[in-house]
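My structure is below; once you've seen it, I'll send some questions.
The values are calculated or read from the model by the stated rules, or taken from the named source; none is laboratory data. Values in this document were obtained by computation on a predicted structure and should not be read as measured data. Cβ sites come from the backbone with ideal geometry, for glycine too, and all protein chains shown count toward neighbours. Heads up: the accessible areas ignore ligands, DNA and RNA and are worked out on the full protein's heavy atoms, side chains in. Shrake-Rupley method; radii C 1.70, N 1.55, O 1.52, S 1.80 Å.
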Amino acid sequence: SSAQIGVTGLAVMGRNLARNFARNGYTVAVHNRTAARTRALVEEFGHEGGFVAAETAKEFVAALERPRRLVVMVKAGEPTDAVIEEFAPLLEPGDMIIDGGNAHFADTRRREKALREQGIHFVGMGVSGGEEGALHGPSIMPGGPKESYDSLGPMLEKISAKAADGTPCVSHMGPDGAGHFVKMVHNGIEYADMQLIGEAYQLLRDVAGYTPAQIADIFRTWNTGRLDSYLIEITAEVLSHVDAATGRPFVDVVVDQAEQKGTGRWTVQIALDLGVPVSGIAEAVFARSLSGHAALREASRGLAGPKAAPLGESEAAAFADRVEQALYASKIVSYTQGFHEIAAGSEEYDWDIDLGAVSALWRGGCIIRAAFLDRIRAAYDARADLPSLLSDETFAREIADAQDDWREVLIAATRQGVPTPGFAAALAYYDALRAERLPAALTQGQRDYFGAHTYRRTDRDGSFHTLWGGDRSEVSA
Ligand code: 6PG
């Protein structure tokens, strides 16, 4: 037994993660259900470091130093359970199974509990950064028993991305499902970021009248400022790409129906359960789903709407600046909502997740990595119990500065009939939080009227009911 770590499941993410460990000096046992893949990996990349190819589960387990560290990189769901069932009986107390897939945190909680009874440490580990990240340094969100991090942590710190200040983009998120929960919300925020960028693109195209190539340049400029991020950077690349077959902008030849594997949807489902308003993330999920309803869209194409009239050149440039403000303000709101969900999950499941640590490890390696996250980290460093990102002085001031433009952009979008659910939901959230009074009071009145559901008063404690069908006097409930 000579391998410090093992990876089973050698599709592209598993293979790249195994190579990353090997390139960092670890001896890595590798295993795959079909052994051809294992052999191919060692043949192709064996020169990169120490690999031990294992054909069978028994060989794989025998190759690992104790306590064994076994990383599972298979499809989330049943395949993960199948692998656990195969390996758990071969392991001994103190050994570790590390699930690096996009598992649902509830599954992770269940698995952790079951394995804990056998003395096996189960680490649900969120990994972000796609194929390249897995190879060159992902952002890593491990959960599970704290003591597992003592021996696993240093290895993860080695293979992880490093933030601009050199800090490894990994830390222990909390017990059982905490890591996969944080990864789930990462993906929800990723959906929201992508949707907001998409709306900005659509506005620049339909309202400002820019071409995809011009919009790519605008994004490149934005990427030198406060919006500096991986997603803005790759957006410019995608928009400037020209389709070889037709000579048209690539973005114009791709079918406009967005797919999803489910992590964004989970973020919203769980937020509903926790009662956390993640309206921006929800709109992003719904926007993907709407885009996929081809027949419904086809049937709706004839519906009336305003005629788009693109702006003149100088107006267009001013409008682009406004869109940047709207995008930035909406982005602050998405992150506010996402961090609220993490805080609520942490509270519900007793995870004690450090929001500052989450923002710190998202600074590099992951899909939502951005200069912006350093500022979120600073906000939580200054005040760990920040009730909301919007309560941070800097963010509040930036939104205050952006809000006129944000509103103007939404007015233009509405007038021209360009759908901007993400920008609009973000602004509605902001305005609702600011509001002195909300129509929720009226909702309570309606509920009391039709269902005697009772209400509380602003001037006295207690629950009350009005006898709506009678003399409309008020009774204590
Ligand atoms: C990451 C990504 C990764 C994956 C998503 C894509 O952090 O590296 O989020 O996990 O690319 O699952 O999600 P959709 O297929 O749902 O867009």
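Please enumerate the residues belonging to the range 233-244 that are within 23 Å of the chain's Cα centre (by Cα), away from the ligand (no atom under 16 Å from the Cβ) and among the aliphatic types (A, V, I, L, M).
Applying the first criterion (within 23 Å of the chain's Cα centre (by Cα)) to the range 233-244 yields 233-239.
Now narrow it down to the ones that are away from the ligand (no atom under 16 Å from the Cβ): 236-237, 239.
Ala236, Leu239, listed by residue number.
Scan (1) within 16 Å of the ligand (Cβ to nearest atom); (2) under 15 Å from Ala57 (Cα atoms); (3) not acidic (Asp, Glu) for the single condition Phe87 breaks and write down its number.
Of (1) within 16 Å of the ligand (Cβ to nearest atom); (2) under 15 Å from Ala57 (Cα atoms); (3) not acidic (Asp, Glu), only one is false for Phe87: (1).
Still on this structure, I have one more. Could you please tell me which pairs satisfy a Cβ distance under 7 Å, a separation of 6+ or placement on different chains, a first residue in the range 433-459 that is within 28 Å of Ile332 (Cβ to Cβ), and a second residue that is assigned to a helix (DSSP H, G or I) and aliphatic (A, V, I, L, M)?
Close Cβ pairs satisfying both conditions: Leu433/Leu390; Leu438/Ala432.
Then there is this: Could you count how many residues in the range 245-277 are among the β-branched types (Val, Ile, Thr), crowded, with 16+ Cβ neighbours inside 10 Å and more than 16 Å from the ligand (Cβ to nearest atom)? Please lay out each step first, then the result.
Looking only at the range 245-277, we keep the residues that are among the β-branched types (Val, Ile, Thr), and these are 246, 251, 253-255, 263, 267-268, 270, 276.
Next, from what is left, pick out any that are crowded, with 16+ Cβ neighbours inside 10 Å: 251, 263, 267-268, 270, 276.
From what's left, more than 16 Å from the ligand (Cβ to nearest atom): 251, 276.
Qualifying residue count, the range 245-277: 2.
Are there any pairs with C-beta distances below 9 angstrom linking a residue in the range 274-294 that is on the phi > 0 side of the Ramachandran plot to a residue that is assigned to a helix (DSSP H, G or I), with the two at least 6 apart or on different chains, and if so which?
Gly275/Ala344
Among residues belonging to the range 347-358 that are more than 16 Å from the ligand (Cβ to nearest atom) and among the aliphatic types (A, V, I, L, M), point out the one that is nearest to Tyr191 (Cα to Cα). Show your work before the answer.
Residues of the range 347-358 that are more than 16 Å from the ligand (Cβ to nearest atom), as a first pass: 347-357.
Cutting the leftovers down to among the aliphatic types (A, V, I, L, M) gives us 353, 355, 357.
On the way: Ile353: 22, Leu355: 20, Ala357: 21 Å.
Looking at the filtered set, the residue picked out is Leu355.
Rundown of residues vs (1) under 30 Å from Val170 (Cβ atoms); (2) assigned to a helix (DSSP H, G or I); (3) of a type in the set (Lys, Arg); (4) without any contact (Cβ under 8 Å) to a residue 40 or more places away in the chain, yes/no style:
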{"position": "Lys331", "(1), (2), (3), (4)": "yes, yes, yes, no"}
{"position": "Phe339", "(1), (2), (3), (4)": "yes, yes, no, no"}
{"position": "Ala396", "(1), (2), (3), (4)": "no, yes, no, yes"}
{"position": "Glu408", "(1), (2), (3), (4)": "no, yes, no, no"}
{"position": "Thr414", "(1), (2), (3), (4)": "no, yes, no, yes"}
{"position": "Leu427", "(1), (2), (3), (4)": "no, yes, no, no"}
{"position": "Tyr430", "(1), (2), (3), (4)": "no, yes, no, no"}
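Right, here's the next one. Quickly run through the range 118-132 and pick out the residues that are more than 13 Å from Asn102 (Cβ to Cβ) and within 16 Å of the ligand (Cβ to nearest atom).
First, the residues of the range 118-132 that are more than 13 Å from Asn102 (Cβ to Cβ): 118-123, 131-132.
If the condition is that a residue be more than 13 Å from Asn102 (Cβ to Cβ) and within 16 Å of the ligand (Cβ to nearest atom), then Glu131, Glu132 are the ones that fit.
Please work out if Ile189 is under 30 Å from Ala424 (Cα atoms), within 14 Å of the ligand (Cβ to nearest atom) and outside any loop (DSSP other than H, G, I, E, B).
On the way: under 30 Å from Ala424 (Cα atoms): yes; within 14 Å of the ligand (Cβ to nearest atom): yes; outside any loop (DSSP other than H, G, I, E, B): yes.
For Ile189, the condition - under 30 Å from Ala424 (Cα atoms), within 14 Å of the ligand (Cβ to nearest atom) and outside any loop (DSSP other than H, G, I, E, B) - is met.
Okay, moving on. Being crowded, with 23+ Cβ neighbours inside 10 Å, in a helix (DSSP H, G or I) and in contact with a helix residue (DSSP H, G or I) (Cβ under 7 Å, 6 or more places away or on another chain) is the filter here, so list the residues in the range 71-110 that pass it.
Selection gives Phe105, Thr108.
Going through the range 192-203 one residue at a time, which ones are more than 16 Å from the ligand (Cβ to nearest atom) and crowded, with 23+ Cβ neighbours inside 10 Å?
Let us first name the residues in the range 192-203 that are more than 16 Å from the ligand (Cβ to nearest atom), namely 199-203.
Scanning the range 192-203 gives Glu199, Ala200, Leu203.
Given (1) open to solvent by less than 50 Å² (accessible area, probe 1.4 Å); (2) touching a residue at least 40 places away in the same chain (Cβ under 8 Å), where does Ala379 come up short, assuming only one miss?
Ala379 satisfies all of (1) open to solvent by less than 50 Å² (accessible area, probe 1.4 Å); (2) touching a residue at least 40 places away in the same chain (Cβ under 8 Å) except (2).
Give me the pairs: first residue in the range 114-138 and farther than 19 Å from Gly179 by Cα, second residue open to solvent by 30 Å² or more (accessible area, probe 1.4 Å) and within 12 Å of the ligand (Cβ to nearest atom), beta-carbon distance under 6 Å, and six or more apart or on different chains, which are they?
Hits for this filter: Glu131/Val12.
Taking the range 338-372 on its own, how many of its residues are buried (at least 24 other Cβ atoms within 10 Å of the Cβ) and of a type in the set (Gly, Ala, Ser)?
Residues meeting the conditions: 6.
Could you list all residues from the range 359-374 that are more than 10 Å from the ligand (Cβ to nearest atom) and either in contact with a Pro (Cβ under 7 Å, 6 or more places away or on another chain) or part of a helix (DSSP H, G or I) (or both)?
Ser359, Ala360, Leu361, Phe372, Leu373, Asp374, listed by residue number.
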